[in-house]
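The next block holds one structure in the form of structure tokens; read it before the comments.
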Amino acid sequence: MTAVVPEAGPAGMLAGLRRAGYAAEENGNFAVFDYLIEVGPQAGTTVRVGLELVPDWPLSAPHGPHITPRLGHPHGAVHTSPLGQEWEHWSRPPADWAQDRTLRGYLRHLRTLFAQLENGPSA
């Protein structure tokens, strides 16, 4: 019997995003892809998301998403991004990563972050 081992490292993270239906492109140390916001006041808006390709995926998660266009986040901790001026980094690591170290768990974290947005950009 062959054990199924989740793909690890940056290549595994990129492959997982692609299997999940995202046209993830590698941009330096980031996976960048279009993301349709499904919940909250920005539902129906498509943004670009950049996730840092962490070397020890899935043991470690990306620190937080990089987003363009800039939307701000009502809970603060929004920083400049190395992806460019039109990007912002939400310093929001997933709180429950130790319990669910999967791409699905990280995408659930993204959904939660977008659900917290207010009407219109707050940056």
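Only residues that are hydroxyl-bearing (Ser, Thr, Tyr) and assigned to a loop (DSSP other than H, G, I, E, B) were counted across segment 70-93, and they come to 2. Screening the candidates Arg101, Arg92 for the property of being closer than 24 Å to Ala8 by Cβ, in contact with a helix residue (DSSP H, G or I) (Cβ under 9 Å, 6 or more places away or on another chain), surrounded by 14 or more Cβ atoms within 10 Å (Cβ to Cβ) and not hydrophobic (A, V, I, L, M, F, W, C) yields one hit, Arg92. Would you confirm whether or not segment 56-66 contains a residue that is in contact with a Phe, Trp or Tyr (Cβ under 8 Å, 6 or more places away or on another chain) and of a type in the set (Phe, Trp, Tyr)? Looking for residues that are in contact with a Phe, Trp or Tyr (Cβ under 8 Å, 6 or more places away or on another chain) and of a type in the set (Phe, Trp, Tyr), one finds none in segment 56-66, hence no.
For segment 25-42, the set of residues classified as within 26 Å of Glu118 (Cα to Cα) and touching a residue at least 24 places away in the same chain (Cβ under 8 Å) consists of Val32, Tyr35, Ile37, Glu38, Val39, Gly40, Pro41, Gln42, listed by residue number.
Out of the residues in segment 50-69 that are in contact with a strand residue (DSSP E or B) (Cβ under 7 Å, 6 or more places away or on another chain), modelled with pLDDT of 95 or more and assigned to a loop (DSSP other than H, G, I, E, B), state the one that is surrounded by the most Cβ atoms within 10 Å (Cβ to Cβ). Give the steps one after another, and end with the answer.
Narrowing segment 50-69 to residues in contact with a strand residue (DSSP E or B) (Cβ under 7 Å, 6 or more places away or on another chain): 50-53, 62-69.
Going one step further and asking which of them are modelled with pLDDT of 95 or more, we end up with 50-53, 65-69.
Filter once more, so that each one left must be assigned to a loop (DSSP other than H, G, I, E, B): 53, 65, 69.
Values: Leu53: 20, Pro65: 24, Pro69: 12.
Per the stated criteria, the residue is Pro65.
The residues of segment 71-123 that are of a type in the set (Ser, Thr, Tyr) and either within 15 Å of the chain's Cα centre (by Cα) or modelled with pLDDT of 95 or more (or both), listed by number, are Thr80, Ser81, Ser91, Thr102, Tyr106, Thr112. Among the residues making up segment 28-47, those that are of a type outside the set (Phe, Trp, Tyr) and surrounded by 16 or more Cβ atoms within 10 Å (Cβ to Cβ) are Ala31, Val32, Ile37, Gly40, Gln42, Val47. Of the listed requirements (1) under 14 Å from the mean Cα position of the chain (by Cα); (2) in a helix (DSSP H, G or I), Val47 misses just one: (2).
The values are calculated or read from the model by the stated rules, or taken from the named source; none is laboratory data. Since the structure is predicted, the reported quantities are computational estimates derived from the model, not experimental observations. A quick note on method: Cβ atoms are made from the backbone with ideal geometry, for glycine too, and the neighbour counts reach across all protein chains shown.
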